[in-house]
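J.: For reference, the structure I am asking about is given below.
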Amino acid sequence: MGTTNFSEFLSQLTPGFTQVLDVNLKEEDYIIIDLSENNVELGKVDISSSRAFSNYIAEYLNAFGKKVAFGGYSEVRKLYKRSELFTTSEDEDSNRNIHLGLDFWADAYTDVLAVLDGRIHSFNDNSSFGDYGPTIILEHKFEEKKFYSLYGHLSKCSLNGLVPGSFVKKGEKIAELGTPEENGDYAPHLHFQIIEDLVEKIGDFPGVTSRRELDFYLQNCPDPNYLLKLKNS
């Protein structure tokens, strides 16, 4: 299934705004945020510090009277330069700095919800500095089409008692957001990503890519907003 076809297929699975966080949050509680290398204000923040970054997010939300800041699909970010996980080469085109999911910046321990009916495919605590921390991958099947959704930067207790293959229902709480101490050292947020081909990964999948591999990953991981239908404002 080509990029356009898969994106259209995803968009037909939900009729409108679809929750991925706390059921009490409304669409008007969300606001888009720019965390790209083009954000001049972000250049004044010590983005290597999860505390400074958390303060930046909190001030941004307070300024607009919102509860969740979201965005970041295909965004080029400087944030990843702090971790050797992403910067392994002197060749800039090989270093990973392009984000492949949507991020939802909210308070630690906010509920995370299954976006669609599915089954628990796998889970893992990807505990390296700058990684996902606790991560859950769901498998979905609609009209014989199989694909996956990934939920990263969760709390450690979110992985307790999970059983691969067990069914989860759309809107069901599956996890909570983790603190910086357990989520890879980030300000609390959810990394949410759609994956067409998991290429046999278990409990993990790249959420950031390089320019060199961008075409493959953008095709394999379309914008999750085709499902969520959040207005970009």
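The values are calculated or read from the model by the stated rules, or taken from the named source; none is laboratory data. These numbers come from a predicted model, not from an experiment. Note: ideal-geometry Cβ built from the backbone for every residue, glycine included; neighbour counts use all protein chains shown. Protein only, heavy atoms only, side chains kept; ligands, DNA and RNA dropped before computing areas. Shrake-Rupley method; radii C 1.70, N 1.55, O 1.52, S 1.80 Å.
J.: How about residue 67: which lysines have a C-alpha closer than 20 Å to its C-alpha, ignoring those fewer than 8 places off in the same chain?
T.: Qualifying lysines at Cα under 20 Å: 26, 173, 229, 231.
J.: Got a sec to turn the phi values of region 55-60 into Karplus ³J(HN,Hα) couplings, 6.51 cos²θ - 1.76 cosθ + 1.60 with θ = phi - 60°, whole Hz, x for Gly and Pro?
T.: Values, residue by residue: 5, 4, 5, 4, 5, 5 Hz.
J.: Also, I was wondering about something else. Evaluated at 37 °C with a viscosity of 0.692 mPa s, what Stokes-Einstein diffusion coefficient in µm²/s does the chain have when Rh comes from the Kirkwood expression over alpha-carbon pairs?
T.: 185
J.: Moving on. Can you pull out the GluC sites (Glu not before Pro) in region 102-188 whose DSSP state is coil and whose Cβ has at most 16 other Cβ atoms within 10 Å?
T.: Those satisfying the criteria are 143, 144, 172, 181.
J.: Starting from 0 in steps of 5 Å, tell me what percent of the Cα-Cα pairs of region 145-201 lands in each bin.
T.: In order of increasing distance, the bins hold 4, 16, 21, 26, 20, 11, 2, 0 percent.
J.: Got a sec? What order do 77, 119, 51 fall in by accessible area at 1.4 Å, biggest, i.e. largest, first?
T.: Output order, biggest surface exposure first: 51, 119, 77.
J.: Quickly estimate the mean residue ellipticity at 222 nm for the chain, helices only: each DSSP H run with n ≥ 4 gives -39500 (n - 2.57), and the total goes over all residues, rounded to 500.
T.: Taken over the chain, the calculation gives -4000 deg cm²/dmol.
J.: Computed on alpha carbon atoms, what radius of gyration and Dmax characterise region 5-45, expressed in Å?
T.: For region 5-45, the Cα-based Rg and Dmax read 15.5, 41 Å.
J.: Specify the residue with the greatest mean-square fluctuation among 161, 101, 171, computed from a Gaussian network of the chain linking alpha-carbon atoms under 10 Å apart.
T.: Residue with maximal mean-square fluctuation among 161, 101, 171: 161.
J.: Another question, if that's okay. What FRET efficiency comes out for residue 39 versus residue 212 if R0 is 30 angstrom and r is the Cβ-Cβ distance? Round to the nearest 0.05.
T.: E between residue 39 and residue 212, to the nearest 0.05, is 0.80.
J.: Given a 1.4 Å probe and every protein chain left where it sits, what share in percent of the accessible area of the chain is carbon and sulfur?
T.: 47
J.: To continue, here is another question. Taking a spot 7 Å from the Cα of residue 27 along the direction of its beta carbon, which residues of region 149-166 have an amide N less than 18 Å from it?
T.: none
J.: Also: Would you mind working out the magnitude of the charge dipole of region 100-215 relative to its Cα centre, with +1 at each Lys and Arg C-beta and -1 at each Asp and Glu C-beta, to the nearest 20 Debye?
T.: 280
J.: With +1 on each Lys and Arg Cβ and -1 on each Asp and Glu Cβ, and nothing else charged, work out how big the dipole of the chain is about its Cα centre, in Debye to the nearest 20.
T.: The calculation lands at about 440 debye.
J.: In terms of Cα to Cα distance under 16 Å, which aspartates and glutamates are near enough to residue 141, apart from those fewer than 8 places away along the same chain?
T.: 8, 117, 196, 197
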